[in-house]
1. Is it true that residue 164 is surrounded by 11 or more Cβ atoms within 10 Å (Cβ to Cβ), modelled with pLDDT under 95 and farther than 30 Å from residue 32 by Cβ?
2. If you go through segment 69-86, how many residues are surrounded by 13 or more Cβ atoms within 10 Å (Cβ to Cβ) and either farther than 22 Å from residue 27 by Cβ or outside the structural domain of residue 24 (by TED's automatic domain parsing) (or both)?
3. Answer yes if at least one residue in segment 117-137 is modelled with pLDDT of 95 or more, within 25 Å of residue 194 (Cβ to Cβ) and of a type in the set (S, T, N, Q), and no otherwise.
4. What number of residues within segment 112-137 are touching a residue at least 40 places away in the same chain (Cβ under 8 Å) and of a type in the set (A, V, I, L, M)?
5. Taking residue 183 as the residue in question, decide whether it is touching a Phe, Trp or Tyr at 6+ places or on another chain (Cβ under 9 Å), modelled with pLDDT of 75 or more and either β-branched (Val, Ile, Thr) or not in a loop (DSSP other than H, G, I, E, B) (or both).
6. Looking only at segment 91-128, how many residues end up being among the acidic types (Asp, Glu) and surrounded by 15 or more Cβ atoms within 10 Å (Cβ to Cβ)?
Amino acid sequence: FTAGGIAVEGDGVRELYVGTIAHFNADLFPPSIDYMALGHLHAPQQAGGREHIRYSGSPIPMNFCEAKQQKKVIQVDFTGRRPHIEEIAVPCFQPLEKICGDLAELTGRIAQLVGENSNAWLEIEYTGEMIVPNLDDEISRAIAGSELKVTRTINRNNTHLRLTGDETPQSLEGMNELAVFDYCLKTRNVPEEQRTELIQAYQEIIGAIVENDAGNE
(Lines give C-alpha, C1' and ligand atoms only; values in the text may rest on other atoms or scores of the structure.)
Protein backbone atom coordinates (compact mmCIF):
# COMPACT_ATOMS: atom_id res chain seq x y z
CA PHE A 1 0.00 0.00 0.00
CA THR A 2 1.04 3.64 -0.21
CA ALA A 3 3.74 4.96 2.12
CA GLY A 4 2.21 6.44 5.26
CA GLY A 5 -0.93 4.33 5.01
CA ILE A 6 -2.39 3.62 8.44
CA ALA A 7 -3.26 0.09 9.50
CA VAL A 8 -4.62 -0.72 12.95
CA GLU A 9 -2.63 -3.27 14.95
CA GLY A 10 -4.41 -6.61 14.83
CA ASP A 11 -6.69 -5.66 11.93
CA GLY A 12 -5.46 -8.55 9.79
CA VAL A 13 -4.03 -6.33 7.03
CA ARG A 14 -1.05 -8.15 5.56
CA GLU A 15 2.06 -6.49 4.18
CA LEU A 16 1.97 -7.05 0.42
CA TYR A 17 4.98 -6.84 -1.86
CA VAL A 18 5.45 -6.26 -5.57
CA GLY A 19 8.93 -7.60 -6.20
CA THR A 20 10.91 -6.03 -3.36
CA ILE A 21 8.59 -3.04 -2.93
CA ALA A 22 6.41 -2.98 0.17
CA HIS A 23 5.17 0.63 0.07
CA PHE A 24 4.45 2.86 -2.91
CA ASN A 25 5.02 6.60 -2.56
CA ALA A 26 1.89 8.60 -3.43
CA ASP A 27 4.11 11.14 -5.24
CA LEU A 28 4.60 8.56 -7.99
CA PHE A 29 0.95 8.65 -9.07
CA PRO A 30 0.71 10.70 -12.29
CA PRO A 31 -1.00 14.13 -12.12
CA SER A 32 -3.38 13.04 -14.89
CA ILE A 33 -5.40 11.01 -12.37
CA ASP A 34 -8.65 12.81 -11.49
CA TYR A 35 -9.57 10.46 -8.66
CA MET A 36 -8.07 7.21 -7.45
CA ALA A 37 -9.85 4.75 -5.16
CA LEU A 38 -7.43 2.43 -3.41
CA GLY A 39 -8.10 -0.81 -1.58
CA HIS A 40 -6.59 -3.17 1.00
CA LEU A 41 -6.46 -0.88 4.06
CA HIS A 42 -9.46 -1.03 6.37
CA ALA A 43 -9.29 2.53 7.76
CA PRO A 44 -10.65 5.39 5.62
CA GLN A 45 -7.84 7.82 4.80
CA GLN A 46 -6.17 9.96 2.19
CA ALA A 47 -3.02 8.67 0.52
CA GLY A 48 -0.06 10.93 1.11
CA GLY A 49 -2.37 13.75 2.17
CA ARG A 50 -3.93 13.95 -1.28
CA GLU A 51 -7.64 14.69 -1.34
CA HIS A 52 -8.25 12.86 -4.61
CA ILE A 53 -6.32 9.67 -3.78
CA ARG A 54 -8.08 7.72 -1.04
CA TYR A 55 -8.76 4.52 0.77
CA SER A 56 -12.46 4.44 1.57
CA GLY A 57 -11.74 1.53 3.91
CA SER A 58 -14.00 -1.37 4.77
CA PRO A 59 -17.71 -0.45 5.16
CA ILE A 60 -18.02 -2.52 8.35
CA PRO A 61 -15.50 -3.43 11.10
CA MET A 62 -13.46 -6.43 10.04
CA ASN A 63 -12.57 -7.32 13.64
CA PHE A 64 -12.78 -5.98 17.17
CA CYS A 65 -9.68 -3.80 16.75
CA GLU A 66 -11.82 -1.62 14.49
CA ALA A 67 -14.82 -1.48 16.84
CA LYS A 68 -14.41 2.24 17.59
CA GLN A 69 -13.49 3.21 14.03
CA GLN A 70 -15.96 5.37 12.11
CA LYS A 71 -16.54 3.63 8.80
CA LYS A 72 -17.23 5.66 5.68
CA VAL A 73 -18.11 5.43 2.03
CA ILE A 74 -16.90 8.05 -0.41
CA GLN A 75 -19.24 9.66 -2.93
CA VAL A 76 -17.47 11.36 -5.81
CA ASP A 77 -19.26 13.59 -8.33
CA PHE A 78 -17.46 15.19 -11.24
CA THR A 79 -17.83 18.56 -12.87
CA GLY A 80 -15.77 17.96 -15.96
CA ARG A 81 -12.59 16.49 -14.53
CA ARG A 82 -12.96 18.14 -11.17
CA PRO A 83 -14.05 15.76 -8.39
CA HIS A 84 -16.44 16.79 -5.63
CA ILE A 85 -15.73 14.43 -2.77
CA GLU A 86 -18.16 13.71 0.07
CA GLU A 87 -17.54 11.41 3.02
CA ILE A 88 -20.66 9.56 4.15
CA ALA A 89 -20.54 7.97 7.60
CA VAL A 90 -21.76 4.38 7.76
CA PRO A 91 -24.19 3.84 10.67
CA CYS A 92 -23.29 1.25 13.28
CA PHE A 93 -25.74 -1.59 12.81
CA GLN A 94 -24.14 -3.93 15.34
CA PRO A 95 -22.02 -2.52 18.19
CA LEU A 96 -18.78 -4.33 18.95
CA GLU A 97 -16.58 -3.95 22.00
CA LYS A 98 -13.29 -5.44 23.11
CA ILE A 99 -12.87 -5.58 26.88
CA CYS A 100 -9.41 -6.16 28.40
CA GLY A 101 -8.35 -6.45 32.02
CA ASP A 102 -8.43 -8.61 35.12
CA LEU A 103 -11.62 -10.28 36.29
CA ALA A 104 -12.87 -7.26 38.23
CA GLU A 105 -12.30 -4.97 35.26
CA LEU A 106 -14.00 -7.37 32.86
CA THR A 107 -17.08 -7.94 34.99
CA GLY A 108 -17.24 -4.24 35.90
CA ARG A 109 -17.38 -3.15 32.28
CA ILE A 110 -19.89 -5.89 31.45
CA ALA A 111 -22.09 -4.67 34.31
CA GLN A 112 -22.00 -1.17 32.80
CA LEU A 113 -23.07 -2.51 29.42
CA VAL A 114 -25.86 -4.56 31.00
CA GLY A 115 -27.06 -1.41 32.77
CA GLU A 116 -27.12 0.38 29.42
CA ASN A 117 -29.20 -2.43 27.87
CA SER A 118 -26.45 -2.89 25.30
CA ASN A 119 -26.69 -5.63 22.69
CA ALA A 120 -22.98 -5.45 21.81
CA TRP A 121 -20.95 -8.39 20.62
CA LEU A 122 -17.95 -8.75 22.91
CA GLU A 123 -14.39 -9.95 22.64
CA ILE A 124 -13.05 -10.65 26.13
CA GLU A 125 -9.31 -10.57 26.85
CA TYR A 126 -8.22 -11.57 30.34
CA THR A 127 -4.85 -10.04 31.24
CA GLY A 128 -4.81 -10.52 35.02
CA GLU A 129 -2.09 -12.34 36.95
CA MET A 130 -4.46 -14.44 39.05
CA ILE A 131 -5.39 -17.83 37.65
CA VAL A 132 -9.12 -17.96 36.89
CA PRO A 133 -9.86 -21.57 35.87
CA ASN A 134 -13.59 -20.90 35.41
CA LEU A 135 -13.23 -17.69 33.39
CA ASP A 136 -15.89 -18.67 30.86
CA ASP A 137 -18.37 -19.39 33.65
CA GLU A 138 -17.64 -16.03 35.30
CA ILE A 139 -18.27 -14.21 32.03
CA SER A 140 -21.43 -16.21 31.34
CA ARG A 141 -22.83 -15.26 34.74
CA ALA A 142 -21.95 -11.61 34.14
CA ILE A 143 -23.93 -11.42 30.87
CA ALA A 144 -26.82 -13.65 31.98
CA GLY A 145 -30.22 -12.19 31.15
CA SER A 146 -28.78 -9.49 28.89
CA GLU A 147 -28.59 -9.00 25.13
CA LEU A 148 -24.79 -9.12 25.20
CA LYS A 149 -23.05 -11.85 23.22
CA VAL A 150 -19.48 -13.05 23.79
CA THR A 151 -17.94 -14.09 20.48
CA ARG A 152 -14.45 -14.84 21.74
CA THR A 153 -12.60 -15.15 25.05
CA ILE A 154 -8.81 -14.85 25.21
CA ASN A 155 -7.05 -15.87 28.43
CA ARG A 156 -3.57 -14.34 28.30
CA ASN A 157 -2.71 -16.10 31.54
CA ASN A 158 -3.25 -19.49 29.88
CA THR A 159 -1.34 -18.35 26.78
CA HIS A 160 1.63 -17.48 28.96
CA LEU A 161 1.47 -20.89 30.59
CA ARG A 162 1.58 -22.64 27.22
CA LEU A 163 4.45 -20.52 25.94
CA THR A 164 6.61 -21.28 28.97
CA GLY A 165 5.47 -24.84 29.49
CA ASP A 166 8.66 -26.56 28.27
CA GLU A 167 11.14 -24.56 30.36
CA THR A 168 12.76 -26.93 32.85
CA PRO A 169 15.95 -26.07 34.75
CA GLN A 170 17.02 -29.65 35.26
CA SER A 171 16.08 -33.22 34.58
CA LEU A 172 12.82 -34.28 36.14
CA GLU A 173 14.67 -37.24 37.56
CA GLY A 174 15.24 -36.62 41.22
CA MET A 175 12.25 -34.26 41.52
CA ASN A 176 9.08 -35.57 43.13
CA GLU A 177 5.61 -34.58 41.99
CA LEU A 178 5.28 -31.75 44.50
CA ALA A 179 8.65 -30.25 43.56
CA VAL A 180 7.70 -30.24 39.86
CA PHE A 181 4.35 -28.61 40.63
CA ASP A 182 5.96 -26.00 42.87
CA TYR A 183 8.48 -25.19 40.13
CA CYS A 184 5.65 -24.74 37.63
CA LEU A 185 3.90 -22.29 39.95
CA LYS A 186 7.07 -20.23 40.38
CA THR A 187 8.03 -20.10 36.69
CA ARG A 188 4.50 -19.03 35.78
CA ASN A 189 4.55 -16.23 38.36
CA VAL A 190 1.50 -17.53 40.20
CA PRO A 191 0.83 -15.07 43.07
CA GLU A 192 1.97 -16.32 46.47
CA GLU A 193 -1.52 -16.05 47.95
CA GLN A 194 -2.78 -18.60 45.41
CA ARG A 195 0.04 -21.12 45.76
CA THR A 196 -0.99 -22.60 49.11
CA GLU A 197 -4.51 -23.36 47.89
CA LEU A 198 -3.26 -24.77 44.58
CA ILE A 199 -0.65 -26.96 46.28
CA GLN A 200 -3.31 -28.30 48.65
CA ALA A 201 -5.62 -29.10 45.74
CA TYR A 202 -2.74 -30.75 43.87
CA GLN A 203 -1.90 -32.92 46.88
CA GLU A 204 -5.54 -33.99 47.12
CA ILE A 205 -5.51 -34.99 43.44
CA ILE A 206 -2.28 -36.97 43.84
CA GLY A 207 -3.71 -38.65 46.94
CA ALA A 208 -6.87 -39.64 45.05
CA ILE A 209 -4.79 -41.09 42.20
CA VAL A 210 -2.66 -43.11 44.62
CA GLU A 211 -5.74 -44.46 46.39
CA ASN A 212 -7.37 -45.36 43.08
CA ASP A 213 -4.25 -47.17 41.89
CA ALA A 214 -4.03 -49.06 45.17
CA GLY A 215 -7.65 -50.14 44.84
CA ASN A 216 -7.03 -51.52 41.35
CA GLU A 217 -4.13 -53.73 42.41
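1. Against the criterion (surrounded by 11 or more Cβ atoms within 10 Å (Cβ to Cβ), modelled with pLDDT under 95 and farther than 30 Å from residue 32 by Cβ), residue 164 qualifies.
2. Residues flagged as surrounded by 13 or more Cβ atoms within 10 Å (Cβ to Cβ) and either farther than 22 Å from residue 27 by Cβ or outside the structural domain of residue 24 (by TED's automatic domain parsing) (or both) within segment 69-86 amount to 4.
3. No, because not a single residue in segment 117-137 is modelled with pLDDT of 95 or more, within 25 Å of residue 194 (Cβ to Cβ) and of a type in the set (S, T, N, Q).
4. 2
5. no
6. Here the count works out to 4.
The values are calculated or read from the model by the stated rules, or taken from the named source; none is laboratory data. Given the structure is predicted, the values throughout are model-derived calculations rather than measurements. Every residue, glycine among them, receives a Cβ derived from its backbone with ideal geometry; neighbour counts consider all protein chains shown.
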